[in-house]
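Read-outs: derived from the displayed coordinates by stated rules, not from any lab. Please read these numbers as outputs of a predicted model, since none were measured by experiment. Counting neighbours? That spans all protein chains shown, and the Cβs are built from the backbone with ideal geometry, glycine included.
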Amino acid sequence: MLELKHIGYSVYDENGAELRILNDISLTIPDNKLVVFTGPNGGGKTTLAKIIMGLVQPTAGQILWNGQDVTHLGITERAKLGISYGFQQPPRFKGITVHDLLLLSAGTEKLSKDRCCQYLTKVGLCANDYLDREVDVSLSGGEVKRIEIASILARNSQLMIFDEPEAGIDLWSFARLTETFEQIHRTGSATMIIISHQERIISLADEVIVVGDGSIRHRGSAADILPQILADTLGGCPVLTKGGAAL
Ligand SMILES: Nc1ncnc2c1ncn2[C@@H]1O[C@H](COP(=O)(O)OP(=O)(O)OP(=O)(O)O)[C@@H](O)[C@H]1O
Ligand SMILES: [Mg+2]
């Protein structure tokens, strides 16, 4: 179980003025649930995910993972405790092949081609074409994103955080990926936090958390939240509206 208690994150400019990025976020995610974080660009979703992974240190609050206070643990320690995170914009690793990356992720010395193939197929890639490719700039944005997701699946973590897994991914691979999330969810083999703007992914969630302006704006089931999101987005930009009517 993951518990976030009153998480805050602020940065300070050169004059010492505080910019609050996250403000008093508290939530509990029970084991094997699929939770979607959604909300407007710049709302704080990625920062929150990075705080859970230990890539960013919160300036307030506490994080408990399976009852253990992990607030001050780094990424490596949290990874060992079973937490993994897929970047919104994955890094590339010159000199490391897709096969190496899957091996590193799985934490084993050997990984059969069949096993690699299983992970890559889940993201719509063929092992024959990709296993010996380097994870460098020669891969397209969508390919590198899918390879990173495959490496998270290979890690087999208890908590997997995916930051906009749909970004840059074609429709066929997206359908495959959605099936994979559904399957993990159905078998109850891991907890997933998926940051997403996609209705198809939001509709899979046990709980949807709408993060905006650094706070939780709404939370609830997909059936309850989707109509609220649509109503919000139809509200439009306050600068472009006057007296509630769109200009
Ligand atoms: N270190 C920092 N210094 C200044 N501003 C920051 C810093 N980190 C994050 N921010 C700001 O905090 C806000 C939240 O960023 P974050 O990346 O968490 O948003 P997001 O909800 O993931 O957005 P998107 O949907 O575009 O991915 C943004 O306005 C971002 O510019
Ligand atoms: Mg983001």
Q | Residue count for the range 21-42, restricted to those that are over 13 Å from Ile193 (Cβ atoms) and near ligand 1 (Cβ under 9 Å from one of its atoms) | A | 6
Q) helices (runs of 4 or more DSSP H) wholly in the range 138-216 with at least 3 residues that are away from ligand 1 (no atom under 16 Å from the Cβ) and under 15 Å from the mean Cα position of the chain (by Cα) - which ones? A) 141-155, 171-187
Q. In this structure, is Ser221 farther than 28 Å from Thr121 by Cα and either away from ligand 1 (no atom under 16 Å from the Cβ) or of a type in the set (S, T, N, Q) (or both)?
A. yes
Q.
Cβ-Cβ distance below 7 Å, separation of 6 or more or different chains: which pairs start in the range 33-47 with a residue that is within 17 Å of Glu166 (Cβ to Cβ) and end on one that is near ligand 2 (Cβ under 8 Å from one of its atoms) and among the acidic types (Asp, Glu)?
A. Thr46/Asp163
**Q.** Identity of the residue in the range 24-43, aliphatic (A, V, I, L, M) and either farther than 18 Å from Pro58 by Cα or near ligand 2 (Cβ under 10 Å from one of its atoms) (or both), that ends up farthest from the chain's Cα centre (by Cα)
**A.** Ile29
(Q) What's the total number of residues in the range 1-42 that are outside any strand (DSSP E or B) and crowded, with 22+ Cβ neighbours inside 10 Å? (A) 1
Q. Is it the case that some residue within the range 56-64 is under 17 Å from the mean Cα position of the chain (by Cα), surrounded by 15 or more Cβ atoms within 10 Å (Cβ to Cβ) and within 16 Å of ligand 2 (Cβ to nearest atom)?
A. yes
Q. What's the number of the condition Glu164 fails, among (1) buried (at least 16 other Cβ atoms within 10 Å of the Cβ); (2) free of Cβ contacts under 8 Å to residues at least 60 places away in the same chain?
A. (2)
Q.
Name the residue that is surrounded by the fewest Cβ atoms within 10 Å (Cβ to Cβ), counting only residues in the range 43-55 that are more than 9 Å from ligand 1 (Cβ to nearest atom) and of a type in the set (Val, Ile, Thr).
A. Ile52
Q) Within the range 106-132, can you find the residues that are closer than 25 Å to Thr178 by Cα and touching a strand residue (DSSP E or B) at 6+ places or on another chain (Cβ under 8 Å)? A) Leu131
**Q.** Enumeration of residues in the range 180-209 that are over 16 Å from Phe162 (Cα atoms) and either without any contact (Cβ under 8 Å) to a residue 12 or more places away in the chain or hydrophobic (A, V, I, L, M, F, W, C) (or both)
**A.** Arg186, Thr187
Q | Selection from the range 84-106 of residues that are hydrophobic (A, V, I, L, M, F, W, C) and under 17 Å from the mean Cα position of the chain (by Cα) | A | Phe87
